[in-house]
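A.B. asks: I'd like to ask you about the structure that follows.
The values are calculated or read from the model by the stated rules, or taken from the named source; none is laboratory data. No experiment lies behind these values; they were computed from the predicted model shown. Methodologically, a virtual Cβ is constructed for each residue, glycine included, from the backbone with ideal geometry; neighbour enumeration extends over all protein chains shown.
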Amino acid sequence: MAFQVRIRQSDSPVAVEPGQTILAAALAQGVAYPHGCQSGNCGACKSRQYAGDIELAPYSEYALTAAERADGLILACRAMPWSDAEVAWLEADEVVVHPLRQMICRVTALEPATHDIRIVRLDILSGGPFAFSAGQYARVTFKGLPARDYSMANRPDQDGLEFHIRQLGGGTASVYAATQLKPGDRVAIEGPFGTSYLREQHTGPIVAIAGGSGLAPIKSIVETALARGMRQDIRLYFGVRDERDLYHEAPLRALAAAHDNFRMTPVLSEPSGPTTRRTGFVHRVVDAELGDVDGMKAYLAGPPPMVEAASMLLAGRGIRREDIHADAFYTEAEKTALGGTP
C-alpha cells in the first residue's frame, strides 16, 4: 500500500510505494522537485522532514552532513517513507524555473580543445526556444545511444549551444562524440536541469573552481556574470593535470584584461616538466589565496574528488553550504555504483 507524502510546495500529496524514493514518486507524478544527480551526492534535493517515518538509502556526507541529518534534513532522492509523511524542499535563493524542452539540434562545428576534450557546437532546429541559467546542464542523445548529461558552456543569451565533451574509457556517448560525430548530424537535447546556476542578484565575491571539462559550466557562469555587469570580485581557478590539459586560456585571459574585477589562475597537479604556473591540488591553491570569505558564493564543477575536497575546504573556511553550488561530474559507472540511474 502506498504512503501519502505531503510536500509543502505542492498542492496535492504524492503516493509513494514501499521502497520508492520521495523524489522518484514526485517526479513521476508531475511535481517539479529540485534535484540533480539523483544518487545522493549533490544535495540539490535536500529537504526538511516534518513528519513521518523516513529511511535514507546510502548517500555522501558531502551532500548531507551528520549535523544536517540530526537537524531533520533529508535527501529526497534517498528518502523512502515507511508511513505517511510531510516534507518540504529547501527554498534556494533566487529559484529559477525554465520550461523543460525536448529539442532536435544540428551539429554546426566540432573543435578539439585538448587531447581528450572536444567542443561540440549545435544549432536548435526544433523544440525551442531554449532558456537556461548559466551553470545548468542538458541531457544529450547521440544517434540512439543512451542519453548523457553535459553542461552548457555558452552564455544563455548566445545563439546555439556549446558542450565540452571529454572522452572517457568505456564511455559510449563520449567515444562516439570524439570519433564519429560530424557536422550536420542530428542530436536530441532535453533540459535544462541543475541547481548549480549563477545567482545573478548576489553582490558578494565569487570563487569559481573548475576541473577538466568542468570548465564548461564555470565558463558559462563567469562569462554571464561579466556580461551582466556584475562588479564584485570574481576569481576562477582551473585545475588540470598537465599543460596539455589546459584549454580556453586565451579567451579567459582576454576577459581578465577587459574586466578589472576578474582574474583566472590555472593550476597543474602533475606537471611533466618545469613550469611557472601554480602547482598542486587546485583546492589547496584556493585555500592559500582565498582571504576573507564574508558574503562569498562558490561555484564548483569537475571530478567528484576535486569537488568534494573543495566543498569541504570552503565550508571549513566559513562559506555557508547553501552558498556552495557544486556540480560533480560522475561517470555513468560511478552513478550506477552509487545507486543512481544509468
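A.B. asks: If I ask for residues that are within 16 Å of Thr172 (Cβ to Cβ) and touching a residue at least 60 places away in the same chain (Cβ under 8 Å), which ones from the range 111-145 would you list?
C.D. replies: Hits for the range 111-145 are Asp116, Arg118, Val120.
A.B. asks: From the residues in the range 284-326 that are small (Gly, Ala, Ser) and closer than 13 Å to Ile209 by Cβ, which one is modelled with the lowest pLDDT?
C.D. replies: Only one residue fits best here, namely Ala326.
A.B. asks: So, one more: Tell me the residue from Asp123, Asp116, Asp84 that is farther than 30 Å from Ala26 by Cα, more than 22 Å from the chain's Cα centre (by Cα) and charged (D, E, K, R), please.
C.D. replies: Step by step, each of Asp123, Asp116, Asp84 is checked, and only Asp123 is farther than 30 Å from Ala26 by Cα, more than 22 Å from the chain's Cα centre (by Cα) and charged (D, E, K, R).
A.B. asks: Next question, about the same structure. Name the residue, out of Ala67, Ala63, that is part of a loop (DSSP other than H, G, I, E, B), free of Cβ contacts under 8 Å to residues at least 24 places away in the same chain and either buried (at least 22 other Cβ atoms within 10 Å of the Cβ) or out of contact with any strand residue (DSSP E or B) (no Cβ under 7 Å at 6 or more places or on another chain) (or both).
C.D. replies: Matching residue, one of Ala67, Ala63: Ala63.
A.B. asks: Kindly indicate whether Leu226 is outside any strand (DSSP E or B) and touching a Lys or Arg at 6+ places or on another chain (Cβ under 9 Å).
C.D. replies: So Leu226 does not fit the description; no.
A.B. asks: Just checking, does the range 101-117 include any residue being part of a strand (DSSP E or B), of a type in the set (Ser, Thr, Tyr), at negative phi and modelled with pLDDT of 95 or more? Before the answer, list the steps.
C.D. replies: Residues of the range 101-117 that are part of a strand (DSSP E or B), as a first pass: 101-112, 117.
Those still in the list that are of a type in the set (Ser, Thr, Tyr) too: 108.
With at negative phi added as a condition, the list becomes 108.
Still in the list and also modelled with pLDDT of 95 or more: 108.
For the range 101-117, residues part of a strand (DSSP E or B), of a type in the set (Ser, Thr, Tyr), at negative phi and modelled with pLDDT of 95 or more: present.
A.B. asks: Spot the failing condition for Gly160; the list is (1) at pLDDT 95 or above; (2) closer than 29 Å to Cys45 by Cα, and only one is missed.
C.D. replies: Unmet for Gly160, out of (1) at pLDDT 95 or above; (2) closer than 29 Å to Cys45 by Cα: (2).
A.B. asks: Give the residues of the range 258-269 that are of a type in the set (Gly, Ala, Ser) and either surrounded by fewer than 15 Cβ atoms within 10 Å (Cβ to Cβ) or over 14 Å from Phe238 (Cα atoms) (or both), sorted by residue number.
C.D. replies: Ala258, the sole residue that qualifies.
A.B. asks: What tally of residues in the range 270-313 results from selecting those that are surrounded by 15 or more Cβ atoms within 10 Å (Cβ to Cβ) and on the phi > 0 side of the Ramachandran plot?
C.D. replies: 1
A.B. asks: If you don't mind, another one. Let me spell it out: the conditions are (1) over 30 Å from Gly52 (Cβ atoms); (2) assigned by TED's automatic domain parsing to the domain that holds Arg8, and Asp84 meets all of them except one. Which number is the exception?
C.D. replies: (1)
A.B. asks: Test of understanding: among Gly72, Gly52, which residue is modelled with pLDDT under 90 and at positive phi?
C.D. replies: Checking each option against the conditions leaves just Gly72.
A.B. asks: Condition first: more than 22 Å from Leu252 (Cα to Cα) and acidic (Asp, Glu). Can you find one or more residues in the range 193-208 that meet it?
C.D. replies: Checked the range 193-208: no residue is more than 22 Å from Leu252 (Cα to Cα) and acidic (Asp, Glu).
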